[in-house]
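Inspection log for the structure reproduced underneath, given as C-alpha cells.
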Amino acid sequence: DDDGEEDVDEHAFDHPSTYKPAPTIWVPKDKLGLSDVLLEELRDAGVDASDLGASMSEKARVKVTRTPPDQEWIGGNDV
C-alpha cells in the first residue's frame, strides 16, 4: 500500500444484518399445529422460516434429523 494505510474491512463497523442475508428461522413442528401458524405468520411478514428436519414431542423434546434448512444437507436422506 503506497499511502501507508492498512487494508480495512469494508464492513468493519456495520451490523451484519446490513450486508448479509438473514438466516432461516428454524421452528420445530409440533402436534398441536402451533408451528404451522407461526411459520405462516413469519412467511407473511417476509421472514424465511422452516420446520424441515425438526419436530417437538408432547413433552417438549426437540428432535433434529438434519442440518438447519439454510445450510447444505450432506447427511443422506431427510427423515
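Go through segment 2-49 and name the trypsin sites (Lys or Arg not before Pro) that are in a DSSP coil and have 11 or fewer other Cβ atoms within 10 Å of their Cβ. Can you show the working numbers first?
Working: sites: K29, K31, R43; in loops: K31.
Hits after loop and neighbour filter: K31.
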Round to the nearest 10 and give me the degree value, 0 to 90, for the angle of helix 34-44's Cα axis relative to the longest principal axis of the chain.
-> 40 degrees
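Taking R0 as 22 Å, what's the FRET efficiency between T18 and E72 from their Cβ-Cβ distance, rounded to 0.05? It would help to have the intermediate numbers written out before the result.
Details: r = 25 Å, r/R0 = 1.13.
Efficiency for this residue pair is about 0.30.
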Mind checking which lysines have their C-alpha under 26 Å from K63, skipping anything on the same chain fewer than 8 residues away?
-> K29, K31
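What GluC sites (Glu not before Pro) in segment 1-51 are in a loop by DSSP, with at most 11 other Cβ atoms within 10 Å of the Cβ?
Here the sparse-neighbourhood loop sites are E5, E6, E10.
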Collect residues whose amide H, placed 1.01 Å from N in the peptide plane, falls under 5 Å from the amide H of D70; neighbours closer than 5 in sequence don't count.
-> T24
So what is the relative contact order of segment 21-60, in percent, for Cα pairs below 8 Å that sit 6 or more residues apart?
-> 52 percent
Place a +1 charge on the Cβ of each Lys and Arg in segment 21-60 and a -1 charge on the Cβ of each Asp and Glu, then give the dipole magnitude about the Cα centre in debye, rounded to the nearest 20.
-> 180 debye
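A short reminder: the numbers here are calculations on the coordinates, not readings from a lab. Given the structure is predicted, the values throughout are model-derived calculations rather than measurements. Backbone-built Cβ (ideal geometry, glycine too); neighbour counts: all protein chains shown.
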